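Report on one structure; see the data block that follows.
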Amino acid sequence: MNRVPRWRLVAAAAVLAALALFGAAFAPIYFRNLQLQNFVLAVPQRAAAQSASPSDDVVRTSVLNEAYRLGLPVKAGGVQIFRTPEGRVERVEVRYSVRMDLPGYTVSLHFYPGVGSQ
């Protein structure tokens, strides 16, 4: 029976450790993005529950406040509100990116909560 050389086991362990470190670095951002996604998807339902449809500024401010609470770098220009012909909030789309500085590598993660989900 052929044994696996020790250097291959060490290399495999190093690759798995690197993947675990990348996962640990990226997971919190993706989790917060998921929370923002759920918030954005619920905006039309919350707006429909109100007697008068909220203005774009009110909707945008609520999305920006939630993004701030989650520590996400969303800017006002990255929030788009779409309305039905009757003036109700149909959907909200958010676009933003997060820059990750890792040892020896920098990456920009682009997120689009609400886009393509309706």
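Bear in mind that the values in this text are calculations on the coordinates, not laboratory data. Every value quoted in this text rests on a predicted model; they were computed, and no experiment measured them. Cβ sites come from the backbone with ideal geometry, for glycine too, and all protein chains shown count toward neighbours.
For every other residue with a beta carbon closer than 10 angstrom to the beta carbon of Val59, add +1 if it is Lys or Arg and -1 if Asp or Glu, then tell me the sum.
Numbers: positive: Arg46, Arg60, Arg83; negative: Asp56, Asp57.
Spelling it out: positives minus negatives among the neighbours equals +1.
Using alpha carbons only, what's the Rg to Rh ratio of the chain with Rh from Kirkwood? All intermediate terms of the calculation are to be shown ahead of the outcome.
Numbers: Rg = 20.7 Å, Rh = 16.8 Å.
When Rh is taken as the Kirkwood radius, the ratio is 1.23.
Can you give the Kirkwood hydrodynamic radius of the range 72-113 from its Cα pairs, in Å with one decimal? Before the final figure, lay out each step's value.
On the way: mean 1/r = 0.0822 Å⁻¹.
Here the Kirkwood hydrodynamic radius works out to 12.2 Å.
Set the Förster distance to 41 Å, then compute FRET efficiency between Arg69 and Ala13 from the Cβ-Cβ distance, nearest 0.05.
On the way: r = 39 Å, r/R0 = 0.94.
The pair Arg69/Ala13 has a calculated efficiency of 0.60.
Add -39500 (n - 2.57) for each DSSP H run of 4 or more in the chain, then divide by its residues: what number comes out at 222 nm, to the nearest 500 deg cm²/dmol?
-18000 deg cm²/dmol, from helical runs alone.
Efficiency by 1/(1 + (r/R0)^6): what FRET value for Ile29 and Asn2, r their Cβ-Cβ distance, R0 = 35 Å, to the nearest 0.05?
Plugging the Cβ-Cβ distance into 1/(1 + (r/R0)^6) gives 0.25.
For the range 62-82 and the range 6-34, what is the separation of their C-alpha centers, rounded to whole Å?
One Cα centre to the other: 29 Å.
What is the sum of charges, Lys and Arg at +1 and Asp and Glu at -1, for the other residues whose Cβ falls under 9 Å from the Cβ of Phe82? Intermediate values should be presented prior to the final figure.
Values: positive: Arg83, Arg91; negative: Glu90, Glu93.
Charge balance near Phe82 sits at 0.
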